[in-house]
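Okay, so here's the structure we're looking at.
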Amino acid sequence: MGGATEPAVSREGKLLVLEHGVTLPARCVICNKPHSGEPVKMKFIRFGKGGVVDRMVQDALRSGYTGPVTAYVHLCDFHRARKMWVLLICAAVILTGVVGGICTSPKNPNLVSGMFVFFLVSAFLGSWFFMMVLIYNIYLSPTRFEDRVVYLKGAGKAFLDGLGQPKS
Ligand SMILES: [Zn+2]
C-alpha cells in the first residue's frame, strides 16, 4: 500500500478500493458503459454516527485518519444526468421555499403563519439535502478508510470485474 508510484485503484470483493488522487478507468463506475466527458471529482469523507460537525470532531481526534480521499470517477450520460436531476430538484425546492418565505413573511413577528414556517422548513431541508448530495455522492458510499485509501460500496459488478484481481 502507498509508495511513491501513481495512486492505484483495485477491488476487495465487492468493494472498490481507491487511493487518494486516483483517476478511475474510463468506464462508468456504476454500469460499466462507455463514459461521457470529463471524470467527476468525488470526495469521500468518513461516515460515522452523529452529524457532519460531530464527524469532523471525531476525525480530528482520530490520529490514524489523514483526511478525505479524492478520486476522479467516470460516469455514463445516464448516471451523470441522474445526479444532476437530484440537484436540480433540490434547487427547485430551495427556490420555492425562499420565494414562498419572502411572499408570506410576516409584517408583525407575532403573526408567523403556518405557510411561512412551511416555506422556511422546505428551504432548509432543500439546502441540507443539496449539500448532502454534493458532499456525499449518491452512488459510492465509503465503508472504511485506511490512511489515504477508501473502501467503497456501490460500484457495478462489471466494472469491478474489469479491474482484475485484488492486490495482495
Ligand atoms: Zn452508468
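What follows is calculated from the coordinates using simple rules that are stated; it is not laboratory data. All values derive from a computational prediction rather than experimental measurement. Cβ sites come from the backbone with ideal geometry, for glycine too, and all protein chains shown count toward neighbours.
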Simple spin-label model, 7 Å along Cα-to-Cβ: Trp128 to Cys103 in nm?
2.4 nm
Cα-Cα P(r), segment 77-138, percent of pairs per 5 Å interval
4, 20, 22, 18, 13, 10, 7, 4, 2, 1, 0
